[in-house]
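Peer 1: Structure incoming, see below.
The values are calculated or read from the model by the stated rules, or taken from the named source; none is laboratory data. Here the structure is a predicted model, which means the values were calculated and not measured. Note that we place each Cβ from the backbone using ideal geometry, even for glycine, and neighbour counts take in every protein chain shown. For accessibility, only protein heavy atoms count, side chains too; no ligands or nucleic acids. Shrake-Rupley method; radii C 1.70, N 1.55, O 1.52, S 1.80 Å.
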Amino acid sequence: MNTMTETRNLPVVGRQKMTPSEAFVETLVAQGVKDVFGIVGSAYMDALDLFPLAGIRFISVAHEQGAGHMADGYARVSGRHGVCIAQNGPGVTNFVTSTAAAYWAHSPVVVVTPETGSVTLGLGGFQETEQLPIFSRITKYQAHVNNKARMAELTARAFDRALLELGPTQLNIPRDFFYGDIECEIPRPVAIERGAGGELALNAAAELLADAQFPVILCGGGVIMADALAEAIRLAELLQAPVCNSYLHNDSFPAGHPLWCGPLGYQGSKAAMKLIAKADVVLALGTRLGPFGTLPQHGLDYWPKKARIVQIDADAKMLGLVKPVSVGICGDAKAATLALIARLSGRTLACQANRNTRLGVIRDEKAAWEAELDGWSQEKDAWSLEVAKDSSHMHPRQMLRELERAMPDNAMVSTDIGNICSVSNSYLRFQRPRSMFAAMSFGNCGYAFPTIIGAKVAAPERAAIAYVGDGAWGMSFGELQTCVRENIPVTAVVFNNGQWGAEKKNHVDFYANRFVGVNLDKQPSWAAVAKAMGAEGQRIDKLSEVGPALRAAAKAQGEGRTTVLEMMVTRELGDPFRRDALALPTRHLAKYKATAA
Ligand SMILES: Cc1ncc(C[n+]2csc(CCOP(=O)(O)OP(=O)(O)O)c2C)c(N)n1
Ligand SMILES: [Mg+2]
């Protein structure tokens, strides 16, 4: 940012006459907004016209869903608001999927939704739909500007609530309300400090931890959002407790730390699962303990049902919601951890006596899991062995291991929903928080690529890498236009297995290989498509090419170039997502009997 932008980026002070467009844009300035993602539209053109002089960059994208994901990635890496805006009606409905994804990623995204004009609302004019009901269940707060004089007040509230409640908020503005004269003051951001939680609960938690023989810490997204990593490390070292990452938050504890054990959940670390299974006390730090994230995996039903659980979450409604807990603490992960450290420091802790044995177990389980991963070059089920047998392509696991080895320091990695992206969970390790941006609980294909573009805008100095299956890539590659046009250099690693693999795995396991709609035949060369769109494209056939290609692509980001690495991999498939939720087919009608199990 140049200094001119910096000096412009101060909001006007004091009550004065302005237009609602000016009030809206000045409130963005007051909230520190520097980047807004969207597609241009007449509905908010009067405000957009002010962006350059306000020092706000408008990043013009290919599809509004992409803008929403970019705002999400931007928020997740920076901890600040991500902002997106679109044309009323179809532009706004295109935000639905990415708003839902941001909701489950707990991202403070402000979704600005200009609406059809207030004087024709309900008449079925042009680009009209009721915009509040659509977002009512996927936002933390909805501000509807019901009077143009309230533009600044309601805009500011949408921003404040997004950070307060850690999730997307909607700012709905009838398009005629951008025009006219109003008098108002631009509100300053309201930052509310979260505390450590209730005294009694903290005391009870400290007692449980002090008496624990085998305490285990489970670090979730709350550790990242509260910037509580240093405190989590201190507490883990005080207890000498193994630390697991919650599902898809592999960046919630540094992988280089001796107490780190890796992620729980789908395609997670067996070491983490075996260690938490031994716990007599679990400290669930900054995690809602989402049901999908603790499902049995690798044949291990690891959740320690007899253990005492201490859960800390900033949202009181999450405490004890999914798993029964002994102590629930409604608090900020950082403040609560500090409060526990204060209570435990200098005390005799039961877990100090058996510290060395426990450290030995941690070391052994981690070594065993690494050795297993090293030897796990390909999937061993009958179908996978069959499709890989005559293939000249790479085994996905080996390719993922090579990517892991070549990963640049301090890289940001987003992952999509798919079989290979899921398997990558075993191979993604981070030393710093705000580094992994998975599609989280909403689980939509097409998440990873736009999300990493937004992350790159917030942290241009860091390498930005998206892992994407070829099916999900078909949904999202259009945003290459954004990378090229807006000069946002990233790397997309596209896993070309010629199939919607994650769903095909269900056909294999439950539907006797009756494939319907899962093969992606006649795909274009994604490397060639990338080149045609003005990016770099490279097809990778051999394992030995994987590491050098990733390193070169990361370096090319420094030279402003976006690269698509098209990884040619076999059709073999790892464990499915939802074995828990499928059943072998029952058929009663004669015409469908052939499909019965
Ligand atoms: C938007 C959306 N549509 C459909 C699905 C269902 N779905 C989950 S995984 C998957 C297949 C992903 O295929 P691909 O991206 O090629 O990755 P692969 O599984 O082959 O590694 C699909 C269709 C979804 N999660 N999201
Ligand atoms: Mg695929």
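Peer 1: Determine if segment 488-499 includes at least one residue that is hydrophobic (A, V, I, L, M, F, W, C), touching a Leu at 6+ places or on another chain (Cβ under 8 Å) and more than 30 Å from residue 35 (Cα to Cα).
Peer 2: no
Peer 1: In segment 424-458, which residue that is within 16 Å of ligand 2 (Cβ to nearest atom) and crowded, with 24+ Cβ neighbours inside 10 Å is farthest from the chain's Cα centre (by Cα)?
Peer 2: So the first thing to find is which residues in segment 424-458 are within 16 Å of ligand 2 (Cβ to nearest atom), and the list is 424, 439, 443-449.
Remaining after also requiring crowded, with 24+ Cβ neighbours inside 10 Å: 424, 439, 446-449.
Working: 424: 15, 439: 5, 446: 12, 447: 9, 448: 8, 449: 11 Å.
Across segment 424-458, the extreme among qualifying residues is 424.
Peer 1: Same structure again: From the set of residues in segment 134-151 that are of a type in the set (Lys, Arg) and over 17 Å from residue 119 (Cβ atoms), which is surrounded by the fewest Cβ atoms within 10 Å (Cβ to Cβ)?
Peer 2: Keep residues of segment 134-151 that are of a type in the set (Lys, Arg), which gives 137, 140, 148, 150.
Next, from what is left, pick out any that are over 17 Å from residue 119 (Cβ atoms): 137, 140, 150.
Working: 137: 8, 140: 20, 150: 18.
Out of the qualifying residues, it is 137.
Peer 1: If residue 351 satisfies all but one of (1) under 28 Å from the mean Cα position of the chain (by Cα); (2) surrounded by 16 or more Cβ atoms within 10 Å (Cβ to Cβ); (3) among the hydrophobic types (A, V, I, L, M, F, W, C), what's the number of the condition it fails?
Peer 2: (1)
Peer 1: For the condition assigned to a loop (DSSP other than H, G, I, E, B), within 16 Å of ligand 2 (Cβ to nearest atom), closer than 24 Å to residue 387 by Cα and not polar (S, T, N, Q), what is the one hit in 571, 539? Write out each step before concluding.
Peer 2: Details: 539 fails: assigned to a loop (DSSP other than H, G, I, E, B).
Just one listed residue meets the conditions, 571.
Yes/no matrix, rows are residues, columns are (1) crowded, with 21+ Cβ neighbours inside 10 Å; (2) in contact (Cβ under 8 Å) with a residue 60 or more places away in the chain; (3) within 22 Å of residue 264 (Cα to Cα):
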{"residue": "378", "(1), (2), (3)": "no, yes, yes"}
{"residue": "383", "(1), (2), (3)": "no, yes, no"}
{"residue": "396", "(1), (2), (3)": "yes, yes, yes"}
{"residue": "412", "(1), (2), (3)": "yes, yes, yes"}
{"residue": "422", "(1), (2), (3)": "yes, yes, yes"}
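Peer 1: Give 157, 161, 194 a once-over and let me know the one that is within 25 Å of the chain's Cα centre (by Cα) and within 26 Å of residue 237 (Cβ to Cβ). Step through it out loud before you land on a result.
Peer 2: Numbers: 157 fails: within 26 Å of residue 237 (Cβ to Cβ); 161 fails: within 26 Å of residue 237 (Cβ to Cβ).
None of the other options fit; the residue is 194.
Peer 1: Next up: Residues that are among the hydrophobic types (A, V, I, L, M, F, W, C) and in contact with a helix residue (DSSP H, G or I) (Cβ under 6 Å, 6 or more places away or on another chain): list the strands (runs of 3 or more DSSP E) wholly contained in segment 157-258 that include at least 2 such residues.
Peer 2: Details: elements: 169-174, 182-184, 215-219, 243-245.
Passing ranges, in order: 182-184, 215-219, 243-245.
Peer 1: Among the numbered conditions (1) open to solvent by 20 Å² or more (accessible area, probe 1.4 Å); (2) within 16 Å of ligand 2 (Cβ to nearest atom); (3) of a type in the set (Ser, Thr, Tyr), tell me where residue 511 comes up short.
Peer 2: With (1) open to solvent by 20 Å² or more (accessible area, probe 1.4 Å); (2) within 16 Å of ligand 2 (Cβ to nearest atom); (3) of a type in the set (Ser, Thr, Tyr) applied to residue 511, the lone miss is (2).
Peer 1: Could you tell me which of the residues 560, 534, 517 is farther than 23 Å from residue 424 by Cβ, open to solvent by 10 Å² or more (accessible area, probe 1.4 Å), in contact (Cβ under 8 Å) with a residue 12 or more places away in the chain and within 16 Å of ligand 2 (Cβ to nearest atom)? Before you say what the answer is, go through the steps one by one.
Peer 2: Numbers: 560 fails: within 16 Å of ligand 2 (Cβ to nearest atom); 534 fails: within 16 Å of ligand 2 (Cβ to nearest atom).
Just one listed residue meets the conditions, 517.
Peer 1: For a quick check of your reading of the model, give me the residue pairs whose first member lies in segment 306-324 and is charged (D, E, K, R), whose second is in a helix (DSSP H, G or I), with beta-carbon atoms closer than 6 Å and at least 6 apart or on different chains.
Peer 2: Cβ pairs passing all conditions: 308/208.
Yes/no matrix, rows are residues, columns are (1) closer than 18 Å to residue 205 by Cβ; (2) out of contact with any helix residue (DSSP H, G or I) (no Cβ under 7 Å at 6 or more places or on another chain); (3) not aliphatic (A, V, I, L, M):
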position	(1), (2), (3)
322	no, no, no
326	yes, no, yes
330	yes, no, yes
343	yes, no, yes
346	yes, yes, yes
357	no, yes, yes
360	no, yes, yes
363	no, yes, yes
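Peer 1: Considering each residue of segment 27-47, count those that are under 27 Å from residue 127 (Cβ atoms) and open to solvent by 30 Å² or more (accessible area, probe 1.4 Å), and give that number.
Peer 2: Residues flagged as under 27 Å from residue 127 (Cβ atoms) and open to solvent by 30 Å² or more (accessible area, probe 1.4 Å) within segment 27-47 amount to 5.
Each row is one residue, and each column tells you yes or no for (1) within 16 Å of ligand 2 (Cβ to nearest atom); (2) over 20 Å from the mean Cα position of the chain (by Cα).
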{"position": "460", "(1), (2)": "no, no"}
{"position": "463", "(1), (2)": "no, no"}
{"position": "468", "(1), (2)": "yes, no"}
{"position": "472", "(1), (2)": "yes, no"}
{"position": "481", "(1), (2)": "no, yes"}
{"position": "484", "(1), (2)": "no, yes"}
{"position": "490", "(1), (2)": "no, no"}
{"position": "493", "(1), (2)": "yes, no"}
{"position": "498", "(1), (2)": "yes, yes"}
